[in-house]
Amino acid sequence: MRDSIKYFIAVWFAVACMVIIPAYGETQEESTMETIVVTASRIPEKVGESPARVDVITRDEIEKSGARDLSELLIDKLPSHFHRYPGALTSVDVRGFRTDTHGTDIKGRVLILIDGHRAGTGNLTAIPLENVERVEIVRGPASVVYGSAAMGGVINIITRQGSGHPKGELVGEYGSWNRFRTSAQASTGALQDKFGISVSGRTWQQLDDYKTGAGNTVENTHYHDEAYSLSLRATPIENHTLSLVAQYFRAWDVGTPGADYAPDYNDYKNILRRYLSLAYDGSLPSPNISYHISAYTVMNRDSWMDPDMAWGYFSTSTQAETSGTRAQISIPTFSFGKLLVGTDWDHINVVSWNNPPSAPFSPRSHYDNYAFFGEEKIKWEKLTLTLGVRHDIFDESIKSTYKLNVTPGSESFSHTSWRSGVTYELVEGLFARAAIGTGFRAPSADELAGRYQTSWSKLAGNPDLKPEKSTTYEIGADLRKDKLSAGIDFFYSDYTDRITSGFKTCIEGDCSWTTYKNVDGATLAAIEAYASYKIPVSTFYLKPFVNGIYYVKRKLEDEDYAKTLDSDTVPYVSRENLIFGITAGYLDKAELTLQGNYHGKQTVQDWNWMSPTYGKAVEKGGFTVYSLMLSCNPLPNLTPYIRIDNLTDKNYSFVDGYPMPGITVMGGIRYKF
């Protein structure tokens, strides 16, 4: 059955592409306009003026990748480590820091945003792409404009806005493991583009369990989801725009097979996400003043089901509700600069429960974060200087929780972040940049305040905890000229005050409690480089590309942790990661991309309790996975495509014990109108 599906898809695609009608004309010209980004400084700026490394994934690249969610897209585009499990759970590493593995963003060290607002999750699999215009990735600390969790970087998902004449697309896809995907998207402008709307919807399911590259079936890997998105825009008066974005995502009966050394054949999970934001953007062109006000709310619920009730309950759920406001104004400073000042407020409420009712794993927790920031950008001829500072105030508490023995408590603290950077255009299209900046991760409420106990542990907050901090120094250069794009940079990060648990403490004479403390962190240093070049050959073109990172230092500074691991190498950070490949195209009629993703060797902690090295550091071998994407346009607006993942049927895993699918073939058709 597996081979017959691959054969059918390949033959169907080949027949569809044979009817391509040759087109006449020249290869499309490359755009000479410099890319405008908004994530690095929260206001539009040319990418060459940002002292931070900024990667942009366009809508065209999203469509051509065949990715169905943010995790698949970033695995294709970002050379880094991914903590990826069967069961719709993926976190991403940026410069040695990760989003939170358990799907929230409270304890994360890389921040995920939607239109500049907190996404409320660190699980990339729960963010679909149908109504996404582009993705911007800022590498390096960005706490000066985004606050807690922006230590390693920020990933901002920017949604589509309807404009122009009515247009849309329909997509149908089928492939290995009995996978189906259908999606639709439509957008339009109205009343001379004073109003716009963009809507999308999709369903995706995998009905069969997948096989690994070794030919073994991984049972309990079925999957179902649906996602819908709406964007509304109104510009009733020139330079004054209102926008609304609403998103809904639900995944159900998602098999969670567990590790291959302790498989679970009937556990599953459900995910429910709702997001809503309302924004106003205005400007006064004459004095060159712009301002932004927005509010958002997001609910993210993860539920894990255990039909065997091995832990005494059928299901356990965690729900995080995040809401907040943003307000900022950008004003000119004399004739050579611009000052951005603003304020943020975020409120987070986290609650967990079991069914039938029993003590959950953690208590209810509340967070309020108030922040004030300012950043000056000075431009003088080819030089751009950036100076910024931000002050955050946190009020955190744990609350009484049903069935859980909790002593409520509240704590407050504050933290100041800063950064400075400079860019200089050496010659046309060649930019040099340098920056120094700080990032932080705030202690969570249960780490900081009150105390609680379960049947197996007693945990007390530590009111003396400090935020985790990082200071990053970087220098780099980028060349964007004609059909060539290339760059190189070097960064050095000093990570301090890592928060860790397991320290004995006494509460009212009872010394069986444990608490949290700040310990030494790590030092990380690496070289990053990328290059691509489009080579026109008559009506054809070739575009080789490469994007990689090589760590020259990954050292744990916490001697106790290093002793526990028997290694002072930072775990789960590969020494090198590399994305490489080539794209070949014929006008706008056909395009073929062959790509390799190399994930280097890394030190990991052995969690197999049956292993003699349990709890110690072991070496996880590197691997290379190849993929192929082919699309063509036999008729106007009609694009059949085929994607083959794991082309060589490699037996591999991102996390030890959780093998990924073997060769996977997906064929589809996209119709644009």
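Details
- Some residue of the stretch 529-548 being touching a residue at least 24 places away in the same chain (Cβ under 8 Å), crowded, with 19+ Cβ neighbours inside 10 Å, among the charged types (D, E, K, R) and farther than 30 Å from L459 by Cα: no
- Per-region count, the stretch 425-470, residues over 18 Å from R498 (Cα atoms), among the aromatic types (F, W, Y) and out of contact with any Gly (no Cβ under 6 Å at 6 or more places or on another chain): 2
- Residue in the stretch 455-463 that is open to solvent by less than 60 Å² (accessible area, probe 1.4 Å) and more than 17 Å from Y516 (Cα to Cα) present: no
- Residues in the stretch 504-528 that are within 20 Å of L459 (Cα to Cα) and open to solvent by 60 Å² or more (accessible area, probe 1.4 Å): K504, C506, E508, G509, C511, K517.
- Within the span defined as the stretch 474-489, every residue fails to be assigned to a loop (DSSP other than H, G, I, E, B) and either under 22 Å from the mean Cα position of the chain (by Cα) or surrounded by 16 or more Cβ atoms within 10 Å (Cβ to Cβ) (or both).
- In the stretch 105-127, residue nearest to R181 (Cα to Cα) [restricted to those that are part of a loop (DSSP other than H, G, I, E, B) and β-branched (V, I, T)]: I127
- Answer residue from the stretch 238-259, given it is open to solvent by 50 Å² or more (accessible area, probe 1.4 Å) and at pLDDT below 95 and is nearest to T221 (Cα to Cα) among those: N239
- Taking the stretch 128-191 as the region of interest, the strands (runs of 3 or more DSSP E) fully inside it that hold 1 or more residues being of a type in the set (G, A, S) are 153-159, 167-175, 179-190.
- Any hit, the stretch 208-218, residues being within 20 Å of R274 (Cβ to Cβ) and crowded, with 19+ Cβ neighbours inside 10 Å: no
- Complete set of residues in the stretch 341-364 that are in contact with a Gly (Cβ under 9 Å, 6 or more places away or on another chain) and part of a strand (DSSP E or B): V341, G342, D344, W345, D346, H347, I348, N354
- Positions within the stretch 219-237 being open to solvent by 50 Å² or more (accessible area, probe 1.4 Å) and of a type in the set (F, W, Y), in sequence order: Y228
- Among (1) part of a loop (DSSP other than H, G, I, E, B); (2) hydroxyl-bearing (S, T, Y); (3) open to solvent by less than 60 Å² (accessible area, probe 1.4 Å); (4) touching a residue at least 12 places away in the same chain (Cβ under 8 Å), the one test that T648 misses: (3)
The values are calculated or read from the model by the stated rules, or taken from the named source; none is laboratory data. Quantities reported herein were computed from a predicted structural model and do not represent experimental measurements. Note that each Cβ is placed from the backbone with ideal geometry, even for glycine, and that neighbours are counted across all protein chains shown. What goes into the accessible areas is simple: the full protein's heavy atoms, side chains included, and nothing from ligands, DNA or RNA. Shrake-Rupley method; radii C 1.70, N 1.55, O 1.52, S 1.80 Å.
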